[in-house]
Structure formats: structure tokens, C-alpha cells
Amino acid sequence: MTPAIRSRGWLALPYLTVYLLVFVAPLLYFFVISFWRVRLFRLMPDASLANYAKTLEAHSVSLIFTFEIAFTIAVIVTTLAFVFAYVVRFKAGRYGTPLLFVVLIALFGGYLTKIYVWKTILGQAGVINSALGLLGIVNEPITFLLYNPVAVVITLSHYTLPLAILPIYGALRSIEDMPLRAARDLGASRFRVVWDVVLPQCRVGILIAFSLCLIFAAGDFVTPLLIGGPYTSMIGKLIQLQFGFHGDAAMGSAMAFTVIGICLVVIFMVGTLIFTVFRVR
Amino acid sequence: MSDLPTILLRLFAVVIVVFMLTPLLVLVLFCFSERSLVTFPITGFTLDWFEKLFERPAFWDALQNSLIVTGTVGVVSTLLGTSAAMVLARIRSRYVGPIMLLIMLPIMLPPLVLGVALLTYFSTVEVRLGLFTVILAHIVFTQPFVILIVQARMIGFDYRIVHGARDLGASHLKAFVTVTFPIIRPTIIGAAMVAMALSVDDFIVTFFTIGGGNTLPTFLWGMLRMDVNPTINIVAMLIMLLTVVVSLVALRVTRWRG
């Protein structure tokens, strides 16, 4: 590095200023208030773990339910994403590029838009019901499609799938064909090649995909609100309520960091599992 | 020739493509349906719902706000991110990994957490919520993408030509404007487009940082909670169209690189 180049580190200053003032400072403050309390709608400095204790006590059912759903979504989506990325990379030939193109289109397309569309598709007077009725398959509309955990899983899976495919595909792209062919020639079954050669080389991509899905699903509040119905009490919905007019921001903060903490623990455990099972030999 | 497992795998890929795209196509279809319910059968097609929506001043306000936010975020985020990536790309140390992790942090949090943290912070330091705070918030979560994209391009950059320009007497700025920028322009435009696509689509962070007023996604949210009428379809489709078009432009200019 020449001195002329090093002296231009100031170029990063505007970015650093925004990062510190609009990201680090808010996040630190938000963390600190999780140890405060709210009196008469005002935050009061304190140093207590009461909010965390209350989170675990009053919202344990909701936390467990949230992570059951988020974990289910993350496992399903990561698996589907791996198989799809595998087909794009190894089995699709010249259709690989168009398939990837579809993923990129689906990646955008609007967050709220997608949730809304699923609501209309699954609804009682919705697309599926009216289509089934028209075809004479059902006489009465099916009511169990919307407002339940399965609808939440479908909607969030649809949203996170493109997000999960990209990192896995990125990891698969750097795998060379030769060792795979060699393994086949030496008598390894297709499954063994995937298990022993392909998977160990893309485990970082798989873990990234899993983490993205888990974090996103665990922290979402719009899908449970619009799709989940009254009995789908996911924690995001409860966190969001703490920031309304009668909310308790300190409590909301403790709930948010509890969710982040659990996410980190789950990701660490799943990461350990993936790295032990898929060892590079 | 393909054997059975390969055929099954390809069939799987087709099913996934159908799963990913059908909802979006269903939405476009029902934008033109003349019935006031989103149900089959479609008895006829009409543009009336577009007219109904365009009559509402609130829609134009939301669209205008969205354009202001997205335009500003596109410019500012790209400027800040590109200059930071320039510095970052030249750091050769073992700290690059951890630094990248810190840069990515804003997008590794659930958007809900970023939104409520900013809301709490802004109301404590008494910054009035409005488009300004939305823009600040959007800059924070679009920055990682810009930096990632531009930095990836700069890693393989041949600095000898810049040194050549400098040796021939060009200032740093002139060397950047006349040499570096034209070479990496597609990447920078691509990064700006990605930032804009993310910004125009964002609902969660905007919801907490806007105070009053609406962007297109928060306008859609308001409609979802109150009306049941097909103009919702059109707002939803417009958001989808904006993000898809912007990201297609990004792909086109970068030609799949970066």
C-alpha cells in the first residue's frame, strides 16, 4: 500500500459517520434500554434484568411457538433451496441461466405484495376456493386455508426461498465438475457424491441460507398479523405492539434481544451440526 | 440421455418455479378483473380499477414520497457506499473478514429490530419523524449491498492504469473521474439499482420511521387494514413492478457480473 493510497482513508468517513450515528448508536441505545423500565410512559434508567425475566415468563409460549415455526420454515426452505440450486448448477444445462433469472425476479416483487397475494389466494372467498368451487371439487369454501400456522409457513417460505437459493448457488458455482466425475467413475453412488463431495463444499452457503430464513421468519410481524389470524401469536407481533401508544419500549427491547439471542444459539447449534456431519475429507 | 433421477430433479425445479411465480402472475391477472372480489371466475377485463385508484390524491402523495425516498437513497447510498468500498478494497489485512461482518450487521438483524431501534432513538434525540428519517434508515440497510457489490468489483481492479494517470499529472479526483469511474460504471449503476429496489419495497423499517404520511408500501398497508376493493391489487402490483423493473435494469447494466 503506497502512502498516497493510504492517505485517502478519509473517503470512508461519510459512510462511517452514518454507520455510527444512525446504526451503532441507535442499536446500543436500544440494547441499553432493555435494562431500563418505563414509568408513566417515560423511559427511566435502571439496571435490572426484570424485562428479560418477564419476557421468558410471560411470553415463553409465544417464543417457543415462534421458533417452532421459524425453524420449520428454515429447514424446509434451505432443503428446497439446496435441491433447486443443485439442479440449476448440475442438471439444468442451458436452462440454468433462465432458472436463475426466475429466482432474481422472485427475489424482488415486493414484500407486502407477496403477503397480500397469499392472503387473497388462501382466503375464504379467495383464488383457490373459487377455483375449486368452479371446477366442482368443493361445494362449500374451505376455511382452514387461511389464518393458521401452515398459511404462515407457506407465505414466509415463498418469501425466503429466493433469498436462500442465492447463497447456496454461489457456493455450488465454485465446485468443479472433475472431482465429481472422478468420484462417480470410481463407483460412488450419486447420493454419496452429493453427501461426501458436494455438501461439504457448500456448507457455509447452506448455513447462511438457513440463518437468513430463521432470522427473517422469527422477527416477522406482518405475516402473522395478516395471514396467521388471532391464534398465531408470534413474538414479532407482540414486540411491535410495545411500540404503539401504550407500549413499553424497554420491554419491547428485551423481547427483541431475546429473539436475537435465541436465533444466535440456534444458528450456532445448526452450524456445529452441519460442520460435523459434512466434513471435508 | 437423461435418466430418471435427473428427470425428477428437473421436474422439481419446474414445480419450484411455478411456486415462486404463480402468486405474482395471479396478482397481475386480477388487476384487470372487472369483479370487485378477487375470485374466479373472471367475467371480464377492465381498467376501471386503475381509474378509481388514480382519482385518489392519497395515492399520488404516496407515490411521490416513494420516489423522493428511493431517488435520494439511490444517490446518497451509492456515493457513501462506493467511497467506502474504494477504501475497503485496498485493505489487505486479516481484519477484512471481521470488518465485512460489521458492515453486514444492519442486514443481519430482523428489519423489525432495526425499525423499532431507530424509532426509539429518533424520538429520544428528538429528530422529527418524516421522510428525512426514512431516508436515513434506508441508507443504513442499503449500504451493505452497495459496498459488497462495488468492493467485489474493485478486488480485481488493475490499479496500474490509475497510477499511470497520476504519473501523467492527473489529480486523484481527475484520475477517478476519467479512468476509474468509466471502468466500474456498470457496477456502480447496478449497485444503485439494487439499493433503490430495496428502498422502494421496504415496508417494515419505513412503517416505524415515517411518523405521518405514506410511501407506497405503507399506503398499501393502510388499504389492507381498511378497504376491500380491487385497487389494492393495483398498488401491490405497482410495488412489484417497480422493484422488478429496477432490478432487471440492474442485471442488464451489470450483465450478470457482481
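Run through every distinct alpha carbon pair of the range A:61-277 and return the Kirkwood hydrodynamic radius in angstroms, one decimal place. The partial results should precede the final answer.
On the way: mean 1/r = 0.0518 Å⁻¹.
Over the range A:61-277, the inverse of the mean reciprocal pair distance is 19.3 Å.
Using each residue's phi in the range B:115-127, evaluate 6.51 cos²θ - 1.76 cosθ + 1.60 at θ = phi - 60° and report the 3J(HN,Hα) Karplus result to the nearest Hz, with x for Gly and Pro.
x, 6, 5, 5, 4, 4, 5, 4, 6, 6, 7, 6, 8
Given Cβ point charges of +1 (Lys, Arg) and -1 (Asp, Glu) and nothing else, what value in debye, to the nearest 20, does the dipole of chain B about its Cα centre take?
Working: 17 positive and 12 negative charges, 227 e Å.
Using only the charged Cβ atoms, the result is roughly 1080 debye.
Report the one residue of A:43, A:96, A:108 whose Cα lies farthest in the direction of the positive end of the charge dipole of chain A (charges on C-beta: Lys and Arg +1, Asp and Glu -1; origin at the Cα centre).
Of the candidates, A:96 comes out farthest on the positive side.
Among B:125, B:116, B:194, whose mean-square fluctuation peaks in a Gaussian network model of chain B (Cα, cutoff 10 Å)?
B:125
Among B:244, B:75, B:205, whose mean-square fluctuation peaks in a Gaussian network model of chain B (Cα, cutoff 10 Å)?
The residue that fluctuates most here is B:244.
What average count of beta carbons from other chains do you get within 10 Å of the Cβ of residues in A:22-34? Mind showing how you got there, number by number?
Numbers: counts 11, 14, 3, 3, 13, 9, 2, 5, 9, 1, 0, 4, 0.
Per residue, the average neighbour count from other chains is 6.
In percent, how large is the relative contact order of the range B:42-184, given Cα pairs closer than 8 Å and 6 or more residues apart? Mind showing how you got there, number by number?
On the way: 68 pairs, mean separation 46.4, N = 143.
This gives 32 percent for the range B:42-184.
Compute the helix-to-body angle for B:4-31: its Cα long axis versus the longest principal axis of chain B, expressed 0 to 90° and rounded to tens.
70
Please express the shape of chain B as an equivalent ellipsoid: the semi-axes are the square roots of 5 times the eigenvalues of the C-alpha gyration tensor, given largest first in whole angstrom.
On the way: eigenvalues 293, 143, 68 Å².
For chain B, the ellipsoid semi-axes come out as 38, 27, 18 Å.
Enumerate the amide H contacts of residue A:38 below 5 Å, restricted to partners 5 or more residues apart or on another chain; note that Pro and chain-start residues carry no placed amide H.
A:44
Under a point-charge model restricted to the Cβ atoms of Lys and Arg (+1) and Asp and Glu (-1), what is the dipole moment magnitude of the protein assembly as shown relative to its Cα centre, in debye to the nearest 20? Numbers along the way, then the final one.
Details: 37 positive and 22 negative charges, 368 e Å.
Once rounded to the nearest 20, the dipole reads 1760 debye.
What range in chain A is the longest one free of chymotrypsin sites (Phe, Trp or Tyr not before Pro) that are in a loop by DSSP and have at most 11 other Cβ atoms within 10 angstrom? Please list the in-between numbers first.
Values: sites that count: A:41, A:144, A:231, A:245.
Maximal segment without exposed cleavage sites: A:42-143.
Going down the list A:114/B:52; A:119/B:52; A:54/A:114, which pairs span over 30 Å between their C-alpha atoms?
On the way: A:114/B:52 23 Å; A:119/B:52 22 Å; A:54/A:114 34 Å.
Going by Cα-Cα distance, A:54/A:114 fall outside the 30 Å limit.
For a Förster distance of 25 Å, can you work out the FRET efficiency between the beta-carbons of residue A:41 and residue A:20, rounded to the nearest 0.05? Write out the running numbers ahead of the final one.
Details: r = 29 Å, r/R0 = 1.17.
Calculated transfer efficiency: 0.30.
Compute the Cα gyration tensor for the protein assembly as shown, then decide on rounded, prolate or oblate, letting a ≥ b ≥ c be the square roots of its eigenvalues: rounded whenever a/c is under 1.5, prolate when a/b is larger than b/c in the other cases, and oblate in all that remain. Can you show the working numbers first?
On the way: a/c = 1.33, a/b = 1.10, b/c = 1.21.
It is rounded, given that a/c, with a ≥ b ≥ c, falls under 1.5.
Of A:254, A:188, A:123, which is farthest along the charge dipole of the range A:61-277 in the positive direction, counting Lys and Arg as +1 and Asp and Glu as -1 at C-beta?
It is A:188.
Where in the range A:10-43 does the amide nitrogen come within less than 19 Å of the point 7 Å from the Cα of residue B:126, taken along Cα to Cβ?
Only A:26, A:41-43 fall inside the zone, counting backbone N under 19 Å.
If I fit a long axis through the Cα atoms of helix B:216-226 and take the longest principal axis of the Cα atoms of chain B, what angle between them do I get, 0 to 90°, rounded to 10?
The angle comes out near 30 degrees.
Taking H as built 1.01 Å from N, whose amide H comes closer than 5 Å to the amide H of residue B:33, not counting residues under 5 places away?
Answer set, sorted by chain and number: B:46.
From zero up to wherever the largest Cα-Cα distance of the range A:12-118 sits, split into 5 Å bins and tell me the percent of pairs in each.
With 5 Å bins starting at 0, P(r) equals 2, 9, 8, 10, 11, 12, 14, 14, 9, 5, 3, 2, 0.
For chain B, what relative contact order do you get, as a whole percent, if you take Cα pairs closer than 8 Å and at least 6 residues apart? Write out the running numbers ahead of the final one.
Working: 267 pairs, mean separation 75.2, N = 258.
RCO, chain B: 29 percent.
Which longest run of chain B has no exposed loop site in it, a site being chymotrypsin sites (Phe, Trp or Tyr not before Pro) in a DSSP loop with at most 16 other beta carbons within 10 Å, and the site itself not part of the run? Working shown, then result.
On the way: sites that count: B:95, B:157, B:159, B:256.
The longest such stretch corresponds to B:160-255.
Using the Cα centre of chain A as the reference point, and only Cβ charges (+1 on K/R, -1 on D/E), how large is the resulting charge dipole? Debye, rounded to the nearest 20. Walk me through the numbers before you get to the answer.
Numbers: 20 positive and 10 negative charges, 156 e Å.
So the magnitude is around 740 debye.
Which value at 222 nm does chain A reach when only helices count, each DSSP H run of 4 or more adding -39,500 (n - 2.57), with the total divided by all residues and rounded to the nearest 500 deg cm²/dmol? Walk me through the intermediate numbers first.
Details: 14 runs with 178 residues, N = 281.
Counting only the DSSP helices, I get -20000 deg cm²/dmol.
Relative contact order for the range A:61-277: what is it in percent, counting Cα pairs under 8 Å that are at least 6 residues apart? List each step's numbers first, then the result.
Details: 236 pairs, mean separation 63.0, N = 217.
Relative contact order comes out at 29 percent.
So what does the Cα-only Debye profile of the range B:1-107 read at q = 0.19, 0.20, 0.24 Å⁻¹, as log10 I(q)/I(0), no solvent term?
-1.00, -1.05, -1.23
Rank B:151, B:143, B:64 by mean-square fluctuation in a GNM of chain B with C-alpha springs under 10 angstrom and give only the top-ranked residue.
B:64
Considering only B:53, B:32, B:149, whose Cα is most displaced toward the positive end of the charge dipole of chain B, charges sitting on Cβ of Lys, Arg (+1) and Asp, Glu (-1)?
B:149
Using helices alone, I'd like the mean residue ellipticity at 222 nm for chain B: each DSSP H run of four-plus residues gives -39500 (n - 2.57), total over residue count, nearest 500. Each step should come with its number before you reach the end.
Numbers: 12 runs with 194 residues, N = 258.
Helix contribution divided over all residues of chain B: -25000 deg cm²/dmol.
Here, each number is a calculation from the coordinates, and none is a lab measurement. Note that the structure is a prediction, hence the values are computed from the model and not measured. Counting neighbours? That spans all protein chains shown, and the Cβs are built from the backbone with ideal geometry, glycine included.
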